[in-house]
1. Restricted to segment 125-149, and to residues that are within 30 Å of I237 (Cβ to Cβ) and of a type in the set (V, I, T), which residue is surrounded by the fewest Cβ atoms within 10 Å (Cβ to Cβ)?
2. Mind checking which residues of segment 167-201 are in contact (Cβ under 8 Å) with a residue 40 or more places away in the chain, assigned to a helix (DSSP H, G or I) and buried (at least 19 other Cβ atoms within 10 Å of the Cβ)?
3. Taking V67 and the conditions (1) aliphatic (A, V, I, L, M); (2) under 26 Å from D140 (Cα atoms); (3) assigned to a loop (DSSP other than H, G, I, E, B), which numbered condition does it fall short on, given that it satisfies the others?
4. Before we move on, is R56 under 30 Å from A249 (Cα atoms), without any contact (Cβ under 8 Å) to a residue 40 or more places away in the chain, in a helix (DSSP H, G or I) and not hydroxyl-bearing (S, T, Y)?
5. Only one of S267, S313, S323 is more than 19 Å from the chain's Cα centre (by Cα) and modelled with pLDDT under 90. Can you tell me which?
6. Which condition breaks for G301 when tested against (1) on the phi > 0 side of the Ramachandran plot; (2) not assigned by TED's automatic domain parsing to the domain that holds I278?
7. State all residues of segment 330-358 that are surrounded by 21 or more Cβ atoms within 10 Å (Cβ to Cβ) and either among the small types (G, A, S) or modelled with pLDDT of 95 or more (or both); if no residue qualifies, say none.
8. Only residues in segment 359-375 that are surrounded by fewer than 24 Cβ atoms within 10 Å (Cβ to Cβ) count as the first member; pair them with residues that are of a type in the set (K, R) and assigned to a helix (DSSP H, G or I), Cβ under 8 angstrom, at least 6 apart or cross-chain, and list the lot.
Amino acid sequence: MPRMQNVKDEVIHLRAAGVDLGKRFLLACVRAPSTKRAGSWALETERFGTTTAEVRRLLAWLLEHRVEVVVMEATSDYWRGVYYLLQPHLNLMLVNPAHLKGIRGRKTDPSDAAFLARAGASGMVMASFVPQRDIRELRDLTRRRTELVRAAGWEAQRLEKELEDTGMKLSAVLTDITGASGRAILEALIGGERDPEVLADLARGRARNKIPALINALDGEFTSHHAFMDRHYLDEIDRWKSVIATFDARIATLVAGREQDLINLESIPGIGRLGAQIILAETGGDMAQFASAHHLASWAGVCPGQNESAGVSKSGRTRPGNSNLKRLLGIAAMVAVKKKDTYLGVFFRRLASRRDSRRALVAVMHKLTIAAWHVLHDQTTYRELGAEHFTRRDPQHAMRRMIKEANSLGLTLRFDPITAS
């Protein structure tokens with residue numbers, strides 16, 4: 001039985017639907033003009049299962065009601081099968097649940113589905129970005145690869161803890177105990193070698209400079225139990241690395257047609273091949289989805305928040321954004337700022353001196369996002385502005401800064417123009 005509802009909201013879509021998702025069933029509500037009372041709206045709600053057959057029945061029901069827009073929340077992963085089946089046939093909007101919390105009136109609606117239908121009809125919600133199938137597959141691969149790398153890292157941490165039980169301080173001397181030198185020493189320990197000098201002599205490359213320190217670090221009690229556990233951890237690390245290699249091959253196959261985009265992204269400081277692949281996977285590579293570079297930065301969650309009330313600015317912390325892209329940008333920013341003779345390196349140090357290093361790092365992440373948008377949008381490589389960019393842009397500011405530093409040392413500076421000889 002249709003339910004009457006009086007609303008005063010401005011209507012953009014006369015016939016709208018909302019879908020409230022669950023694991024085993026979903027509720028769909030259609031909101032349309034009432035045929036019994038002018039200026040009112042009729043709500044018709046129907047319950048469906050979540051199997052493919054039931055979703056097809058939902059599609060037929062929505063088409064029968066001639067809905068102009070369908071709104072559904074991105075609830076867990078339950079939305080995926082429903083969205084993929086409905087999207088080719090309907091004007092479908094997938095909405096972030098966080099965007100709905102601030103909309104008034106939800107608690108007075110007869111159901112979440114009715115609220116979603118009213119929100120869609122009034123244009124109070126924005127659709128989330130859902131990429132095409134090939135990009136979704138690339139996302140699955142890059143995100144799972146990140147999890148695999150993390151799992152391999154956990155095994156390395158467990159290996160280090162086991163070595164601590166022996167009294168050996170190998171990790172205090174070698175940066176990576178699973179590297180070439182550390183692996184050779186561990187294999188010898190598992191094989192029965194216990195002489196610290198013999199073990200230390202297995203170091204390779206620059207690690208041979210640390211042989212005296214290694215001799216001291218390898219003085220401990222390494223038992224057969226430790227050998228068994230270390231063998232297990234090394235085998236697990238090898239297994240994860242083997243799986244990661246298969247993912248790398250699969251990812252390389254999917255991005256084979258985007259080589260130029262990858263090369264352009266790799267020109268950005270701190271971004272390597274893997275980072276470029278992750279940017280393509282998370283953004284889709286098509287910058288037409290984002291109106292401007294700043295829209296991309298806001299979507300990624302690397303823009304300062306705006307929280308102002310009665311002229312008072314409150315917390316400006318960044319929004320959550322895309323956590324996978326944000327994590328990559330943070331790593332890339334830490335790499336980029338280490339180069340002191342670059343624009344980003346100088347920018348970071350200038351800002352960190354006035355604010356703090358964490359805020360400065362977020363600002364560098366914002367710069368990297370802007371660069372990624374322009375690189376993909378304009379189909380070009382990154383252009384390095386150079387460490388002298390700020391001096392060239394505002395020479396008077398640079399002069400005042402040098403004078404201030406000289407005065408603090410009790411000195412006086414005078415600037416004379418260079419005359420051509």
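The values are calculated or read from the model by the stated rules, or taken from the named source; none is laboratory data. Being a predicted model, the structure only gives us computed values, none of them experimental. Virtual Cβ from ideal backbone geometry, glycine too; neighbours counted across all protein chains shown.
1. Among residues in segment 125-149 that are within 30 Å of I237 (Cβ to Cβ) and of a type in the set (V, I, T), the one surrounded by the fewest Cβ atoms within 10 Å (Cβ to Cβ) is V149.
2. Passing the criteria: L170, V173, L186, L189.
3. (2)
4. Values: under 30 Å from A249 (Cα atoms): no; without any contact (Cβ under 8 Å) to a residue 40 or more places away in the chain: yes; in a helix (DSSP H, G or I): yes; not hydroxyl-bearing (S, T, Y): yes.
So R56 does not fit the description; no.
5. On the way: S267 fails: modelled with pLDDT under 90; S323 fails: more than 19 Å from the chain's Cα centre (by Cα).
Exactly one residue qualifies, and that residue is S313.
6. The number of the failed condition is (2).
7. Once the filter is applied, which keeps residues that are surrounded by 21 or more Cβ atoms within 10 Å (Cβ to Cβ) and either among the small types (G, A, S) or modelled with pLDDT of 95 or more (or both), segment 330-358 yields A332, A333, A336.
8. These pairs meet every condition: A360/R349.
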